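This report refers to the structure that appears directly beneath it.
The values are calculated or read from the model by the stated rules, or taken from the named source; none is laboratory data. Keep in mind that what you see is a predicted model, and the values were worked out from it rather than measured. Every residue, glycine as well, gets a Cβ built from its backbone with ideal geometry; the counts of neighbours run over all protein chains shown.
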Amino acid sequence: MLNFIYYPVSFIMWVWHQAFGYVLGEDKGITWALSVVFLVFTLRLILYKPFVGQVRSMRKMQEMAPEMQKLRKKYANDKQKLAAEMQKLQSENGANPLAGCLPVLVQVPVFIGLFHVLREFRPGKTENYFFGADEVKSFIDADLFGAKLGASVVPLQGAPSLESLGTDVPSMLIVMIPLMIAAGIFTHITARHSVARQAEAQAAAPQAAIMNKLMLYVFPIGVVVGAPFLPLAILFYWVSNNLWTLGQQYLVYRKIDAEETEKREQAVANRNALAPKPGQKPQVRPQGDDGSETPVDAEPSANGNGSTNGNGSSAPAKKPGAKPVSAKRQGGQGNRSGGGGSRPQAARNKGRKRR
């Protein structure tokens with residue numbers, strides 16, 4: 001029914017078993033353990049980009065929290081309008097709340113697939129999806145300090161017994177106890193880092209507070225309590241998955257924090273560049289006749305001071321130390337010069353009549 005999950009999982013595990021078997025030997029327990037560990041690393045490497053998108057989306061959702069709270073108060077009685085406005089706000093800011101679910105949703109079927117493939121390594125099986133009869137026998141015979149990777153301390157219904165696999169409870173506990181403790185500790189640390197990145201308002205919400213307590217305490221305890229019922233290889237999966245998560249969180253959060261710090265510093269630098277310097281007077285832009293602002297660095301007129309006389313031509317430049325000339329006097333001189341020094345026509349006609 002779920003062969004579309006079982007075949008890819010068994011194929012990735014088979015590839016890593018072939019790689020490590022070439023170096024360490026195909027029948028060694030460490031070879032099979034490393035094939036499980038690198039199955040996890042392969043999956044998490046594929047999910048690296050969605051994880052970065054998840055972190056960025058969570059940051060944007062935290063930044064939008066005040067706006068979302070305003071929308072909830074504004075449309076408290078109109079759920080349909082509230083949903084539309086929330087979707088519009090998320091679209092404008094490029095936030096996708098479903099992006100945070102993708103890494104988890106992909107890991108769940110892989111966990112189920114690995115659990116099923118490990119249970120199919122049992123005596124009498126001639127094949128196990130991508131694994132042939134020789135590889136099935138190799139997995140059953142391989143051990144790690146006397147513990148079988150496919151065995152559990154408390155076998156579930158239908159699972160092979162410890163005696164049929166050639167091991168016992170003390171041999172299993174020697175390897176299982178350190179792994180189950182490590183799995184619980186790493187699960188708690190991973191959850192702690194995730195909770196520490198939450199905003200104060202988000203962490204104070206009742207639903208978030210309950211979920212945080214589950215992640216910090218219930219899940220780690222559940223891993224420790226449930227470990228005896230799981231195959232030993234599942235504990236390798238759990239520990240390696242949490243180790244990868246810790247390292248990935250450190251690198252991704254550090255990268256995103258550096259980007260945000262750089263953006264803030266750039267914004268401050270741009271604001272300081274536009275701000276006036278201490279002691280500098282504000283620059284006033286002169287206005288033209290029509291009230292529009294003219295550039296401060298506009299080219300001066302031909303006379304150097306931008307003034308013109310009545311007929312549109314440039315007035316002569318003022319000499320250093322010269323007395324100011326009134327506009328009335330300038331106008332009189334302009335009239336006399338404009339007539340070429342001759343008397344008006346009416347005065348000349350009057351003089352002719354007298355003669």
task: Identify, by number, the condition in (1) at pLDDT below 90; (2) within 30 Å of Gly21 (Cβ to Cβ) that Phe131 doesn't meet.
output: (1)
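So that you can scan it fast, the table gives a plain yes or no per residue for (1) surrounded by 15 or more Cβ atoms within 10 Å (Cβ to Cβ); (2) modelled with pLDDT under 60:
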residue: Ala203; (1), (2): no, yes
residue: Pro231; (1), (2): yes, no
residue: Val239; (1), (2): yes, no
residue: Lys255; (1), (2): no, no
residue: Glu259; (1), (2): no, no
residue: Pro295; (1), (2): no, yes
residue: Ser301; (1), (2): no, yes
task: Could you tell me which numbered condition His116 fails, if it satisfies all but one of (1) more than 39 Å from the chain's Cα centre (by Cα); (2) crowded, with 16+ Cβ neighbours inside 10 Å?
output: (1)
message: Just to be sure I understand the filter: pairs with C-beta atoms under 6 Å, separated by 6 or more residues or on different chains, first member in region 53-76 and without any contact (Cβ under 8 Å) to a residue 40 or more places away in the chain and more than 19 Å from Glu260 (Cα to Cα), second member among the acidic types (Asp, Glu) and surrounded by 17 or more Cβ atoms within 10 Å (Cβ to Cβ). Which pairs pass?
response: Leu71/Glu85
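Scan region 87-98 residue by residue and report those that are assigned to a helix (DSSP H, G or I) and surrounded by 17 or more Cβ atoms within 10 Å (Cβ to Cβ).
Here is the first cut: in region 87-98, the residues assigned to a helix (DSSP H, G or I) are 87-93, 97-98.
Hit for region 87-98 is Gln90, nothing else.
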Residues of region 119-151 satisfying the condition of being part of a loop (DSSP other than H, G, I, E, B) and touching an Asp or Glu at 6+ places or on another chain (Cβ under 6 Å): Ala142
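For region 119-135, give me the residue count where each residue is of a type in the set (S, T, N, Q) and within 15 Å of Pro231 (Cα to Cα). If you could, list the steps in order and put the result at the bottom.
Step one: of region 119-135, the residues of a type in the set (S, T, N, Q) are 126, 128.
From the residues that got through so far, the ones that are within 15 Å of Pro231 (Cα to Cα) too are none.
Counting residues in region 119-135 that are of a type in the set (S, T, N, Q) and within 15 Å of Pro231 (Cα to Cα) gives 0.
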message: Under 8 Å between Cβ atoms, which residue pairs at least 6 apart in sequence (or on different chains) link something in region 171-194 that is farther than 29 Å from Gly146 by Cβ and touching a residue at least 40 places away in the same chain (Cβ under 8 Å) with a partner that is of a type in the set (A, V, I, L, M) and assigned to a helix (DSSP H, G or I)?
response: Ile189/Leu246; Thr190/Leu246; His193/Leu246; Ser194/Met215
query: Are any residues in region 1-31 of a type in the set (S, T, N, Q), touching a helix residue (DSSP H, G or I) at 6+ places or on another chain (Cβ under 7 Å) and within 14 Å of Asn128 (Cβ to Cβ), and if so, which ones?
result: Ser10
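Does region 221-231 include one or more residues that are in a helix (DSSP H, G or I), out of contact with any Asp or Glu (no Cβ under 7 Å at 6 or more places or on another chain), closer than 15 Å to Phe38 by Cα and not polar (S, T, N, Q)? Can you show your working first?
Taking region 221-231 as the starting set, the residues that turn out to be in a helix (DSSP H, G or I) are 221-229.
Subset that is out of contact with any Asp or Glu (no Cβ under 7 Å at 6 or more places or on another chain): 221-229.
Applying the additional criterion that residues be closer than 15 Å to Phe38 by Cα yields none.
The answer is no; no qualifying residue exists.
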query: Given the conditions (1) under 21 Å from Asp141 (Cα atoms); (2) of a type outside the set (Val, Ile, Thr); (3) outside any loop (DSSP other than H, G, I, E, B); (4) in contact with a His (Cβ under 8 Å, 6 or more places away or on another chain), which single one is not true for Ser10?
result: (4)
- prompt: Is there any pair linking a residue in region 31-50 that is free of Cβ contacts under 8 Å to residues at least 40 places away in the same chain to one that is surrounded by 15 or more Cβ atoms within 10 Å (Cβ to Cβ), with Cβ under 7 Å and at least six apart or on different chains, and which?
  reply: Leu34/Trp16; Leu34/Phe20; Ser35/Met13; Ser35/Trp16; Ser35/His17; Ser35/Phe20; Phe38/Trp16; Thr42/Ile12
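One residue is enough: does region 73-86 have a residue meeting the conditions at pLDDT 75 or above, among the hydrophobic types (A, V, I, L, M, F, W, C) and not in a helix (DSSP H, G or I)?
yes
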Filtered residues of region 42-52 (kept if within 30 Å of Thr261 (Cα to Cα) and either part of a helix (DSSP H, G or I) or acidic (Asp, Glu) (or both)): Arg44, Leu45, Ile46, Tyr48, Lys49, Pro50, Phe51, Val52
